[in-house]
Ligand code: G6P
């Protein structure tokens, strides 16, 4: 959602804040602002719109000062507007606050403050914090912060500056992510590591219920009750270029092309010298597996789609009944969870609010929770019993690509590991699958080398009103992700349908020229899919098939074919999604869409 950046040091804060916020824009981008403290005065600049609006304003009318906080906002309470943008301040202009998260009891607190004479100018929940700080401040800002924390309920990462304490930034964290960047003669706070990487590789990752007093030359970490905390410095090993575009026009394209490496990085450390799967980070014993009656996979968005493939893998190899649910449904449902249930949560960011809430619910009900996530030290990673990381590197584009393929791989490895423990797979079958998986990376590279066909199909379909995706089995799961990718970034209406269901309704929508993308990669379902292709062709559809090279006779049935390399059926999803990602990208490109930052969407959804 929102992005927070804070700076204290000897340099001009405004420039550093804007630089940092640029790296956080993916978190939310309907408005942006900074508050700079200089000679006992706080100057706030904040505007609705892109960060460039704020940047231009500051370039034209510089604001001087060496300490400040900045924010990019993705609106929750109150429409995007200059007034609702952060930072928010106290009426006397002495306290300024940036906030990511939601204050759940803000209405009640607001009414209380109003009855005490406080005047609110925005519609945000955040404004209660600046007024509460003013209310509680009695010469000791830390004491005031503690009292505010006792008063407010909800999720928050806060950055605070106070004109009477011009030597410090205060950072507070509960549930929403926040880190402290450790510099020399300067320090930083931020929602995420890329914002500080230009300045330092050393960071502290704050836990819920912790705060930091950040000065130019020191950082004090403590619990929000004031108890000191000692913490290891986290050394960031990936490069700043890894978080930048590296020559590609968009992060999404860069991330699509990073998939061979992401797959290799996720797979290699998990295969030992004997060619066996070794998931060292997991503590799952053979006995535990034998007693596991069911598995739930819980996730949102693209991670949910990866979970659908995971279900197939777990049931196919491990023979344990598996239910996949979206986190926002699961958390308010009546799931069959007990100590015999393994819950797998899948989340690229590790911070998605619904997934985190589902994780907590599952733990409460006694389940063991295993996380598959891409972000080390994320809330989901920390709160789970076991973590299996996808080593995809930072994913910046809102539309998830490399996270999806690595999630599929991680789920497959997990299913195989559980299958061995459950004795539901032979070592020969296992070796065969691992051998196939070890070529996955080069097979993806093969697809990425030849994109002309995909570009020409994008040219043909980019002005369509509606595009349909069909498939059976795991092809249907991939169809769902392909369709999501298209609608997210191109804004074309799209649906995915289990091919056998077409005749029960969706067929009515097929007209002359309607593009239908048919996934036909599963040998045992090939003939069934051919019949479905005939069904839509008979109604005028323009059919684009995604098929294995060995099935070239599909050219007789489809208008266009996108080939993927020949592989065993169960590992096709990590391949067949790649041309669909590219197709969505080129369609969106032709339509002039803002590919990395699609309208109305955010990368990391840290509120319900
Ligand atoms: C947002 C993103 C999606 C992502 C989903 C779940 O909607 O735009 O790309 O799949 O959140 O995020 P997570 O970080 O939990 O995988």
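Residues that are outside any helix (DSSP H, G or I), in contact with a helix residue (DSSP H, G or I) (Cβ under 6 Å, 6 or more places away or on another chain) and touching a residue at least 12 places away in the same chain (Cβ under 8 Å) within segment 104-120 comprise just one, 118. Determine whether residue 85 is part of a loop (DSSP other than H, G, I, E, B) and buried (at least 16 other Cβ atoms within 10 Å of the Cβ). Judged against the criteria, residue 85 is a match.
Suppose we filter 380, 447 for residues that are within 18 Å of residue 567 (Cα to Cα) and either buried (at least 23 other Cβ atoms within 10 Å of the Cβ) or touching a strand residue (DSSP E or B) at 6+ places or on another chain (Cβ under 9 Å) (or both); which single one remains?
447
Does residue 405 satisfy the condition of being assigned to a helix (DSSP H, G or I), in contact (Cβ under 8 Å) with a residue 60 or more places away in the chain, within 23 Å of residue 568 (Cβ to Cβ) and away from the ligand (no atom under 16 Å from the Cβ)? For residue 405, the condition - assigned to a helix (DSSP H, G or I), in contact (Cβ under 8 Å) with a residue 60 or more places away in the chain, within 23 Å of residue 568 (Cβ to Cβ) and away from the ligand (no atom under 16 Å from the Cβ) - is not met. Out of segment 169-185, which residues are buried (at least 22 other Cβ atoms within 10 Å of the Cβ), under 26 Å from residue 39 (Cβ atoms) and either over 27 Å from the mean Cα position of the chain (by Cα) or touching a residue at least 40 places away in the same chain (Cβ under 8 Å) (or both)? Once the filter is applied, which keeps residues that are buried (at least 22 other Cβ atoms within 10 Å of the Cβ), under 26 Å from residue 39 (Cβ atoms) and either over 27 Å from the mean Cα position of the chain (by Cα) or touching a residue at least 40 places away in the same chain (Cβ under 8 Å) (or both), segment 169-185 yields 169, 170, 171, 172, 180. Scanning segment 17-45 for residues that are out of contact with any helix residue (DSSP H, G or I) (no Cβ under 7 Å at 6 or more places or on another chain) and not in a loop (DSSP other than H, G, I, E, B) gives 17, 19, 26, 27, 31, 35, 37, 38, 41, 42, 43, 44. Scanning segment 444-474 for residues that are in a helix (DSSP H, G or I), over 21 Å from residue 593 (Cα atoms) and in contact with a helix residue (DSSP H, G or I) (Cβ under 7 Å, 6 or more places away or on another chain) gives 444, 445, 447, 448, 474. In this structure, residue 584 does not satisfy being buried (at least 21 other Cβ atoms within 10 Å of the Cβ) and either away from the ligand (no atom under 16 Å from the Cβ) or over 22 Å from the mean Cα position of the chain (by Cα) (or both). Taking segment 206-304 as the region of interest, the helices (runs of 4 or more DSSP H) fully inside it that hold 3 or more residues being over 19 Å from the mean Cα position of the chain (by Cα) are 259-267, 286-291. In segment 130-138 there is no residue that is surrounded by 24 or more Cβ atoms within 10 Å (Cβ to Cβ) and closer than 17 Å to residue 606 by Cβ. With the structure loaded, tell me whether residue 507 is outside any loop (DSSP other than H, G, I, E, B) and more than 22 Å from residue 595 (Cα to Cα) or whether it fails that test. So residue 507 passes the test. Residues in segment 488-502 that are part of a helix (DSSP H, G or I) and surrounded by fewer than 18 Cβ atoms within 10 Å (Cβ to Cβ) were compared, and the one that is nearest to the ligand (Cβ to nearest atom) is 501. A single entry from 424, 400, 349, 441 fulfils the requirement of being assigned to a loop (DSSP other than H, G, I, E, B), away from the ligand (no atom under 13 Å from the Cβ) and either touching a helix residue (DSSP H, G or I) at 6+ places or on another chain (Cβ under 7 Å) or at pLDDT below 95 (or both): 424.
Among 533, 595, 571, 562, which is the only one that is within 16 Å of the ligand (Cβ to nearest atom) and modelled with pLDDT of 95 or more?
The conditions single out 595.
Looking only at residues of segment 352-368 that are over 13 Å from the mean Cα position of the chain (by Cα) and either under 13 Å from residue 297 (Cα atoms) or within 9 Å of the ligand (Cβ to nearest atom) (or both), we find that the one that is surrounded by the fewest Cβ atoms within 10 Å (Cβ to Cβ) is 368. For segment 26-46, the tally of residues that are buried (at least 19 other Cβ atoms within 10 Å of the Cβ) and in contact with a strand residue (DSSP E or B) (Cβ under 7 Å, 6 or more places away or on another chain) stands at 14. Count of segment 140-171 residues, restricted to those that are modelled with pLDDT of 95 or more and assigned to a loop (DSSP other than H, G, I, E, B), is 8.
So, residue 413, is that one away from the ligand (no atom under 13 Å from the Cβ) and either under 28 Å from residue 279 (Cβ atoms) or surrounded by fewer than 24 Cβ atoms within 10 Å (Cβ to Cβ) (or both) or not?
For residue 413, the condition - away from the ligand (no atom under 13 Å from the Cβ) and either under 28 Å from residue 279 (Cβ atoms) or surrounded by fewer than 24 Cβ atoms within 10 Å (Cβ to Cβ) (or both) - is met.
The combined condition, being without any contact (Cβ under 8 Å) to a residue 12 or more places away in the chain, within 16 Å of the ligand (Cβ to nearest atom), in a helix (DSSP H, G or I) and within 27 Å of the chain's Cα centre (by Cα), is fulfilled by residue 329. State whether one or more residues within segment 369-384 are closer than 15 Å to residue 296 by Cα, within 13 Å of the ligand (Cβ to nearest atom), over 12 Å from the mean Cα position of the chain (by Cα) and part of a helix (DSSP H, G or I). There is no residue in segment 369-384 that is closer than 15 Å to residue 296 by Cα, within 13 Å of the ligand (Cβ to nearest atom), over 12 Å from the mean Cα position of the chain (by Cα) and part of a helix (DSSP H, G or I).
Considering segment 352-368 alone, what residues qualify as being part of a loop (DSSP other than H, G, I, E, B) and in contact (Cβ under 8 Å) with a residue 60 or more places away in the chain?
352, 367, listed by residue number.
Within segment 314-326, one or more residues are away from the ligand (no atom under 16 Å from the Cβ), on the phi < 0 side of the Ramachandran plot, under 26 Å from the mean Cα position of the chain (by Cα) and touching a residue at least 40 places away in the same chain (Cβ under 8 Å). Examine segment 61-71 for a residue that is free of Cβ contacts under 8 Å to residues at least 24 places away in the same chain and surrounded by fewer than 20 Cβ atoms within 10 Å (Cβ to Cβ), and state whether such a residue exists. There is at least one residue in segment 61-71 that is free of Cβ contacts under 8 Å to residues at least 24 places away in the same chain and surrounded by fewer than 20 Cβ atoms within 10 Å (Cβ to Cβ).
The values are calculated or read from the model by the stated rules, or taken from the named source; none is laboratory data. A quick note: this is a predicted structure, and the numbers were derived from the prediction, not measured. Note that each Cβ is placed from the backbone with ideal geometry, even for glycine, and that neighbours are counted across all protein chains shown.
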